[in-house]
Structure formats: C-alpha cells, structure tokens
Amino acid sequence: MLRARFLNQSTKRFYSSASTESLLKTPLYDIHVELKATMVPYAGFSMPVLYKDQTHIESHNWTRKNCGLFDVSHMLQHKISGPNTTDFLQKITPSDLHSLPEMTSTLSVLLNKDGGVIDDCIITKHGKDSFYIVTNAGCREKDVAFIKSELSNLADFSEINHSNFEGALLAIQGPKAAEIFQKYTNSNLNDFYFGTARFIGLNGFTNDKVHITRSGYTGEDGFEISIPQDSAAIEFARAILDEELVKPIGLAARDSLRLEAGMCLYGHELNEQTTPVESSLNWLVAKNRRDPSTATFNGSSKILSQIADAKSVSFKRVGIKSKGPSPREGNKIFSAEEPDKQVGVVCSGSPSPSIGGNVGQAFLNKPYNKTGSKILVEIRGKKRPAEVAKMPFVEPHYYKA
C-alpha cells in the first residue's frame, strides 16, 4: 500500500509564497526586470518565471532548438576540503567519491540516518579531499545545518573546512550552447565532455578563471558557470543575451524541460521520507558500496535491503503520460480496473511542448507502476485516463566522448 504521507499531499503552486520585502535578489535581478520578466517568490528569492513576449511553450521550444540562458544563482554553492573529506562525504552520500576522477561531477543525494533524502546535489571533485557541491536553494538552511551536525558528531572530520555561498551561477542550455559559449573562452570545448569541470577564463570579463561544469537540468547540452564577481557576471550575461540564438528562460520552462528529461525536483520526487530506491535512483548507490558488511553511508541498511529485495519496495517513482488537463502535484491516482482504489499520487506534471499531451512523475504502488499500465488521475474532481511510461520522455543530448 502506498504510504499515507503521499496520499494526503495537496496541490501546491509552482512557486513558494513569501512577502516581496523579504525576498533575496540574485546578481542578475536588474536584468530580469529590464527584460520585463514576471517575477515570483521561489525558494526565498525573487525569480523570473516568464519573460515578456515569450510564452512558456516558446521558451521551452527555444531551449530545445537553440540556446537558453537560465539564472540559477539562487542555488547554494559549497566548498569542502581537508583531511578525510572524501570519507565524510561518503558517509552522508551513497557515491563512490574515492574513485571519482578529478574535475569530474556526479549527481548524488544527502542521506539522513533512515535513508531518506535531505537534498539532491551535484558533487564535483577538484582534488584529493577537495570538492565543490551545488545544492538546492529551498533546502539551503536545512542542508547547512545537516552538514554541520554531521561534522560535529565525528571527531575524525574536525579538520574539514566547509563554506557555502550564494553567488552568480548561470546555466546556458541547448544544442547551440557550445557554439555560443566558445566565443567567450580560449579553452577548447571540443574535449570538454558532459559531467566534467574546468577552471577557464572568460575573455574580456574577468582576469580570474571561473568554475565551469558541462551539465544542466534540461536534458540538453550545456554549461553551468560560477562567476564570483557580480559585475563580471552581469556583463557576461548581457553579452550572451545579445547573441541572436540566445533567449532568457524562466522557471516555467525550466520545470517542463526537466520533467521531459525525467529529472527529479526536491520536494516533489525526493523527500526525507523516501529512499533513493523508492525514487527509482538505485544507480546513485555506487556498486562498490553495496556490500552490507562494509557499507557506512547513512541509511545503508535500509537502502541496501531494498536493492537486494525488490519485493520489499511497495511503490516507486515512474513516468506518466496523459491527454487533456495536465496532472499536477498531489493529484490522486486510481486503478483503471478498480476506479475506487487509490494506487498512487502525482509528484509533478506539465504539458509537454516537445511531444504533445502531458508528462508527469508519480509514486505508484506495485503492480500498477509497470510501463504501459492504464491508470486514472483525479483532476478537478474527474478521473481521467493516463498511462505509465518510460523516462526520459525526450532523448537527452549530452555531449559525451
């Protein structure tokens, strides 16, 4: 049976509520205002959801065909280093960071002691016991408190230095991203592959090299660029936006792009009560860390038992497709054969500009979560047909060797 915590979810607005006076502003805020963006409260920041003269669908499709500039400066950036840092991170994540090559990134999750997800994150290894991590804006206070608490409880990690900062972080995404970005750096991007990182110069914008990862949240090729100097970030953003093939893209398209790519959003497909296995992220648990006799990461007993015995997992995250009104977070899901039997709940959903109809992600009980299974989603008081589908819904276009 699906756990009660999911059955009682209610639909939430895409963005958070907060008084405008209390909202933080990213270094690119003035640019958003100049471009007449619709600004909304999101994770404590005033963020652009749409821009004037661009619909959600136009923004989405532009990114899939050309290049979109996203302001992701609300994300929290961390630097953590010192003796035993790798061992520490391998306690709070299920990743194999000892084997991760330097200047390479990996998706991971911060785990509580019960195997639930504190947050998802991107970890980049700079060197032995030296890492750069990006975590979610909405979890920043919780994440910092969690890391500090874990550090304080372990004497072996007393020499680890952990700092975090909010600064300019820009994402350029789309099939034209490399062509555009190459104009602004002397670094050869042809051998800069997805999932790797570099410190490179930005011609004419800053004398210091800046941190770049070839990554993103859309399923397209792209880069995330961390620029410490706000003035340099603003000048660089303006230059990029002057390019004919670049448009600014807001939160609305960012969400539909990541949904089509089958990516999770914290607070929707990930939370502290759900393990990576239940969220269909078994691959985050490194294969060489699956021996119960040696595993030391938080929640390893529960997570590894779920991997070893798939029958013990009563529900999992799956993709869904439908027509008509789009499924939204909290919509209840029922069996098509027994319409009064609730079997799941929608985590998130959106119209799909790329393939038509709607796409979404849901937690579904077994055996209703098999690909091709017919289900009913309750939307506006009416149970509407939908189908369990494979993810990603749109083939990714990462630049790989």
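Observations on the structure shown:
- Test for G250: is it surrounded by 18 or more Cβ atoms within 10 Å (Cβ to Cβ), on the phi > 0 side of the Ramachandran plot and not hydrophobic (A, V, I, L, M, F, W, C): no
- Residues (closer than 19 Å to E166 by Cβ and outside any loop (DSSP other than H, G, I, E, B)) located in the range 213-239: T213, E224, I225, S226, I227, D230, S231, A232, A233, I234, F236, A237
- Test: residue in the range 278-285 that is open to solvent by 40 Å² or more (accessible area, probe 1.4 Å) and over 24 Å from the mean Cα position of the chain (by Cα): no
- Scanning the range 103-130 for residues being within 20 Å of the chain's Cα centre (by Cα) and in a strand (DSSP E or B) gives a total of 17.
- Picking from residues in the range 295-314 that are over 14 Å from T274 (Cβ atoms) and of a type in the set (D, E, K, R), the one that is most open to solvent (accessible area, probe 1.4 Å) is K311.
- Cβ-Cβ distances below 8 Å connect the following pairs, each with a first residue in the range 300-328 that is farther than 23 Å from P385 by Cα, a second residue that is in a strand (DSSP E or B), and a separation of six or more residues or different chains: I303/L111.
- Residues of the range 273-291 satisfying the condition of being hydrophobic (A, V, I, L, M, F, W, C) and in contact with a helix residue (DSSP H, G or I) (Cβ under 7 Å, 6 or more places away or on another chain): V277, V285
- The range 244-283 - residue that is part of a loop (DSSP other than H, G, I, E, B), touching a residue at least 40 places away in the same chain (Cβ under 8 Å) and among the small types (G, A, S) and, of those, farthest from H32 (Cα to Cα): S279
- Residue tally, condition open to solvent by 30 Å² or more (accessible area, probe 1.4 Å), touching a Lys or Arg at 6+ places or on another chain (Cβ under 9 Å) and either in contact (Cβ under 8 Å) with a residue 24 or more places away in the chain or not small (G, A, S) (or both), over the range 344-356: 3
- In the range 120-144, of all residues being of a type in the set (D, E, K, R) and over 19 Å from L304 (Cα atoms), the one that is least open to solvent (accessible area, probe 1.4 Å) corresponds to D143.
- Scanning the range 385-401 for residues that are charged (D, E, K, R) and not in a strand (DSSP E or B) yields K390, E395, K400.
- When S149 is tested against the conditions (1) open to solvent by less than 70 Å² (accessible area, probe 1.4 Å); (2) without any contact (Cβ under 8 Å) to a residue 24 or more places away in the chain; (3) part of a helix (DSSP H, G or I); (4) farther than 29 Å from L89 by Cα, the lone failure is (4).
- Residue check, N271 of a type outside the set (V, I, T), over 14 Å from the mean Cα position of the chain (by Cα) and open to solvent by 20 Å² or more (accessible area, probe 1.4 Å): no
- Residues satisfying the stated conditions in the range 204-220, i.e. under 19 Å from the mean Cα position of the chain (by Cα) and polar (S, T, N, Q): T213, S215, T218
- T294 passes every criterion in (1) free of Cβ contacts under 8 Å to residues at least 12 places away in the same chain; (2) in contact with a helix residue (DSSP H, G or I) (Cβ under 8 Å, 6 or more places away or on another chain) apart from (2).
- Single match in E243, E235, E220, E224 (criterion: surrounded by fewer than 17 Cβ atoms within 10 Å (Cβ to Cβ), of a type outside the set (S, T, N, Q) and farther than 30 Å from D114 by Cα): E235
- Meeting the requirement of 2 or more residues that are touching a Phe, Trp or Tyr at 6+ places or on another chain (Cβ under 9 Å), open to solvent by 10 Å² or more (accessible area, probe 1.4 Å) and closer than 19 Å to I122 by Cα, the helices (runs of 4 or more DSSP H) wholly within the range 27-99 are 85-92.
- Subset of the range 171-212 (residues that are open to solvent by less than 10 Å² (accessible area, probe 1.4 Å), part of a helix (DSSP H, G or I) and either among the charged types (D, E, K, R) or touching a helix residue (DSSP H, G or I) at 6+ places or on another chain (Cβ under 6 Å) (or both)): L189
The values are calculated or read from the model by the stated rules, or taken from the named source; none is laboratory data. Just so it is clear, the model here is predicted, and its values are computed rather than measured. Virtual Cβ from ideal backbone geometry, glycine too; neighbours counted across all protein chains shown. Surface accessibility is based on the protein's heavy atoms, side chains included, excluding ligands, DNA and RNA. Shrake-Rupley method; radii C 1.70, N 1.55, O 1.52, S 1.80 Å.
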